[in-house]
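Working notes for the structure below.
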Amino acid sequence: MGKVGLTKVDTKGRVVIPKDIRKRMGIKPGEEFLITEIDGDTIVMKRFDVRKMLEEMIKNAKGINLDELKEETEKEGNRVAKELYGL
């Protein structure tokens, strides 16, 4: 498990990530984070890089054969329709 730091919420709702954690993780000003509420007392912050996410999506999309995808989608739609509605 990582190191623990103590911080406070200021009057504007901001939370400062402790310096030693920022340094160890290489967190720079302006980086974005997703914040997820786990329960009433727990949140999780995850670094979020929109540019990296889009680059990965584009890289993965280049390998998709749209004709095959269309054919597979139609087959699956027909299968579900037969299963649900007896068509």
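The values are calculated or read from the model by the stated rules, or taken from the named source; none is laboratory data. Since the model is a prediction, treat every value here as computed from it, not as a measurement. Neighbour counts are summed over all protein chains in view; Cβ atoms, including those assigned to glycine, are modelled from backbone coordinates with ideal geometry. SASA here: full protein model, heavy atoms, side chains in, ligands and nucleic acids out. Shrake-Rupley method; radii C 1.70, N 1.55, O 1.52, S 1.80 Å.
Enumerate the pairs (first residue in the range 23-51 and part of a loop (DSSP other than H, G, I, E, B); second residue anywhere and aliphatic (A, V, I, L, M) and surrounded by 10 or more Cβ atoms within 10 Å (Cβ to Cβ)) with beta-carbon separation below 9 Å, excluding pairs fewer than 6 apart on the same chain, so at least 6 apart or on different chains.
Sorted first by the residue in the range 23-51, then by its partner, the pairs are ILE27/ILE17; ILE27/ILE21.
Collect the residues in the range 3-22 that are part of a strand (DSSP E or B) and surrounded by fewer than 10 Cβ atoms within 10 Å (Cβ to Cβ), keeping them in residue-number order.
Of everything in the range 3-22, just one residue is part of a strand (DSSP E or B) and surrounded by fewer than 10 Cβ atoms within 10 Å (Cβ to Cβ), namely VAL9.
Which residues, taken from the range 51-70, are open to solvent by less than 100 Å² (accessible area, probe 1.4 Å) and among the charged types (D, E, K, R)?
GLU56
Select from the range 36-65 the residues that are more than 18 Å from VAL4 (Cβ to Cβ) and among the β-branched types (Val, Ile, Thr) and list them in ascending order.
Selection gives THR36, VAL50, ILE58, ILE64.
Which one is farthest from the chain's Cα centre (by Cα) among residues in the range 26-42 that are among the hydrophobic types (A, V, I, L, M, F, W, C) and open to solvent by less than 100 Å² (accessible area, probe 1.4 Å)?
For the range 26-42, the residue satisfying everything is ILE27.
Go through the range 77-87 residue by residue and tally those that are part of a helix (DSSP H, G or I) and open to solvent by less than 100 Å² (accessible area, probe 1.4 Å).
Number of matching residues: 4.
Being surrounded by 10 or more Cβ atoms within 10 Å (Cβ to Cβ), part of a helix (DSSP H, G or I) and more than 25 Å from the chain's Cα centre (by Cα): is that true of GLU74 here? Steps first, answer last, please.
Working: surrounded by 10 or more Cβ atoms within 10 Å (Cβ to Cβ): yes; part of a helix (DSSP H, G or I): yes; more than 25 Å from the chain's Cα centre (by Cα): yes.
So GLU74 passes the test.
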